[in-house]
Amino acid sequence: MTVDLGYSQLDPENFALPVRALGYGLNIMYKKNDLGIQADYEGALLVDGRWYGACLEQQSIDPSPNYETGLLTEDQYRAQLAQRSKYQMRLLEVSSNGEGENYECPAQGTGCAMNCSLKNRAKPSRTTKKPGSRGRPAKKRQSVRDDQVPEIRQAVCTNKSKTTIPIAVGARWA
């Protein structure tokens with residue numbers, strides 16, 4: 001469902017939550033002062049309507065507000081958004097009770113985009129080789145630097161499989 005600012009600014013319980021309960025996804029506009037971090041949950045950060053891992057760098061949080069205020073060119077903005085996409089948490093499923101969404105950290109699971117010492121992904125394989133094939137280089141993953149690893153280990157960093165984020169958290173923006 002696509003809406004304008006008039007609807008997207010309503011309290012979540014009066015619009016976003018009932019619409020999502022009907023099975024719709026939302027495509028909404030944000031006010032300029034609503035860009036950047038919009039919510040957080042157990043270390044996950046909701047930035048510009050999408051959930052990201054706790055290791056997201058400040059420069060990857062700020063591109064939208066910086067672009068809107070003219071501090072970035074369009075090319076710089078797009079490059080920073082591409083960099084930020086590596087930190088995006090992957091939606092696995094809606095939880096069984098329908099009250100949350102299950103996400104994986106970007107350093108977890110098959111096809112993960114990041115290496116993180118907290119997720120034991122520091123050494124990706126160099127090649128993928130099947131019998132009779134020449135082998136291909138493995139997907140290059142960005143490594144989370146030590147200074148990006150959060151000091152306070154929250155659930156998104158310490159869980160073994162998934163993080164369930166309640167639908168109500170950040171419902172206005174997600």
FRET efficiency estimate (nearest 0.05) - Cβ-Cβ, VAL94 to GLN59, R0 45 angstrom: 0.90
When ranked by the protection proxy of mean other Cβ atoms within 10 Å per residue, highest first, what sequence do the peptides 55-62, 163-170, 95-102 form? 163-170, 55-62, 95-102
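Read-outs throughout are calculated quantities, based only on the coordinates presented, and are distinct from any laboratory measurement. What you see is a predicted model, and the numbers here were worked out from it, not measured in a lab. Backbone-built Cβ (ideal geometry, glycine too); neighbour counts: all protein chains shown.
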